[in-house]
């Protein structure tokens, strides 16, 4: 089974970029809390800020943080799914969506934006909607 190392590089870069986004969100969340506390300490006693408005702001920001964490987990899940899918193509017969490239798959490369399968003849097939995958090459009826 030949799954190219590019797949692990793509997974690593995706994970590190989402971790970076998550750390920025945490930093912004901490900054928001500091601003909220400063606002409460320095508000005008004759015209205080509405507590329900503050809670609404806090809840909105918390929801954004949760969405970022969910996206990080989905990116990891999608990367893992792509690797599993790619490895299942090795040894199978595949035909491109336009029918110009066909053959038995020798290796697969996983990139952040898609999967490229390489045939034993050296042809490359972009794994996308419309490809044909089979356990073995079809036999022609005209051969009999």
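Some observations on this one:
- Projecting label points 7 angstrom from Cα along Cα→Cβ for residue 31 and residue 134 puts them 5.8 nm apart.
- With 0.36 nm allotted per residue and the present C-alpha distance subtracted, the residue 56-residue 78 stretch has 4.6 nm of extension available.
- Cβ crowding within 10 Å averaged over residues, with 106-115, 53-62 ranked highest first: 106-115, 53-62
- Chain lengthening between residue 71 and residue 92 when straightened (0.36 nm per residue, less Cα-Cα): 4.3 nm
- Note on 95, 65: ascending count of other Cβ atoms within 10 Å places them as 65, 95, the fewest first.
Coordinate-derived values only; no laboratory data. Note that this is a predicted model, so its numbers are computed, not measured. For neighbour counting, all protein chains shown are included, and Cβ atoms are generated from backbone atoms with ideal geometry for every residue, glycine included.
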